[in-house]
1. Just to be sure before I move on: is residue 272 in a helix (DSSP H, G or I), within 30 Å of residue 79 (Cβ to Cβ) and either at pLDDT 85 or above or not acidic (Asp, Glu) (or both) in the structure I sent?
2. Name the pairs whose Cβ atoms lie under 6 Å apart, with the first residue in the range 135-150 and under 13 Å from residue 203 (Cβ atoms), the second of a type in the set (Lys, Arg) and part of a loop (DSSP other than H, G, I, E, B), and 6 or more positions between them or separate chains?
3. Determine if the range 169-178 includes at least one residue that is out of contact with any Gly (no Cβ under 8 Å at 6 or more places or on another chain), modelled with pLDDT under 90 and assigned to a helix (DSSP H, G or I).
4. What is the one condition in (1) assigned to a loop (DSSP other than H, G, I, E, B); (2) surrounded by fewer than 21 Cβ atoms within 10 Å (Cβ to Cβ) that residue 266 does not satisfy?
5. What number of residues in the range 186-222 are without any contact (Cβ under 8 Å) to a residue 12 or more places away in the chain and in a helix (DSSP H, G or I)?
6. I'm told residue 142 meets every condition in (1) of a type in the set (Gly, Ala, Ser); (2) surrounded by fewer than 12 Cβ atoms within 10 Å (Cβ to Cβ); (3) closer than 24 Å to residue 243 by Cβ except one. Can you identify the failing condition by its number?
7. One residue is enough: does the range 221-240 have a residue meeting the conditions under 22 Å from the mean Cα position of the chain (by Cα) and farther than 25 Å from residue 117 by Cα?
8. From the residues in the range 278-319 that are assigned to a loop (DSSP other than H, G, I, E, B) and at pLDDT 65 or above, which one is surrounded by the fewest Cβ atoms within 10 Å (Cβ to Cβ)?
Amino acid sequence: MTLTTQTSVNPAAELMLADPREVGGSRRRRRRGARTGPQSMRTSALAATVKWVLLGAGALVMLVPLYIMVISAFKSQEDILRHPLAISPEMFTLDYLMQAITSEKFNVIGAYGITLLFVALVNLFCIALAAPVAYVIARGRSKWHLALLLLFVSGLFIPGQVTLIPVVFVLRLLGLINTIPGFILFETAATLPVTIFLFAAYLRTVPRDIDEAAALDGAGRIRAFWSCVFPIMRPIVATVIVLNSIGVWNDFVSPQVILGPSSGIYTVTTGVYAAVGEFSTDYTTVFPTLLLAIAPAVIFFIIMQRHIIGGLVAGATKG
């Protein structure tokens, strides 16, 4: 015969024997659950709606002018004025775009080549100068290293147009005005502040063990940086290349002032200005020329945009 013993549990006694932290946690969870109701759901839905409305409005502000410029490059003057937002097979033509490509005022192939040369040289010199400086700042522990970083970062708060007059004065004294070396020197100096800032922030996340391991193998600081540390910087280097390339490609004031029309050297932006003219109203020349100028930059940015986010995030999450 089997006897089954049943014991009654007093809820109050069970509550007294429970861990106070568990009891407090369960009470907080019940209170949070009570607050999560239809009103909270309506608030979150309203916030999401407002967010998407603002994002959509911002997208329209940026995309509508780009859309007008693209479709207007393939329409006649009359269609551009009468139907600025419309495009149809009857309006579409490649004649004006071909005229812009073969224009004598704007040698688009030559402008592409000169601008790409400037982009490559500025990136090369900027990375070669900024990387060692950022390495010294990131590995330094004294207040002087922080002061040096702040000195370079302060260049971000000075508009480039403000420095053009003293830059022209200095370049004229050096005999570099209206020359390619003078323009490369100015653009490299202009890209150094943001490049050093990004490099230093990234290098602070790179473990010092790499430097110590290279030193144990007999490598000096210079060799250790270029052989061991710099290859790790590929994500942020890609980010810097994208940002600097778009900045140099779209720059108009600097090449217009430093190179000048008398030099005969035209970048994409200054070539557009020379082709369109100051008082031009011929939209069949303006829009195709503008499309030719910005198309490579837009395509390059679309292809390389993941490297911008990837490089910035890698510096923040690298352990």
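1. Working: in a helix (DSSP H, G or I): yes; within 30 Å of residue 79 (Cβ to Cβ): yes; either at pLDDT 85 or above or not acidic (Asp, Glu) (or both): yes.
The answer is yes for residue 272.
2. Between residues of the range 135-150 that are under 13 Å from residue 203 (Cβ atoms) and residues that are of a type in the set (Lys, Arg) and part of a loop (DSSP other than H, G, I, E, B), the close pairs are 138/204.
3. No, the range 169-178 contains no residue that is out of contact with any Gly (no Cβ under 8 Å at 6 or more places or on another chain), modelled with pLDDT under 90 and assigned to a helix (DSSP H, G or I).
4. Result: residue 266 fails condition (2) only.
5. Final tally of qualifying residues: 6.
6. All conditions are met except number (3).
7. Yes, the conditions are met somewhere in the range 221-240.
8. Looking at residues that are assigned to a loop (DSSP other than H, G, I, E, B) and at pLDDT 65 or above, I get 281.
The values are calculated or read from the model by the stated rules, or taken from the named source; none is laboratory data. Source: prediction; values computed, not measured. Cβ sites come from the backbone with ideal geometry, for glycine too, and all protein chains shown count toward neighbours.
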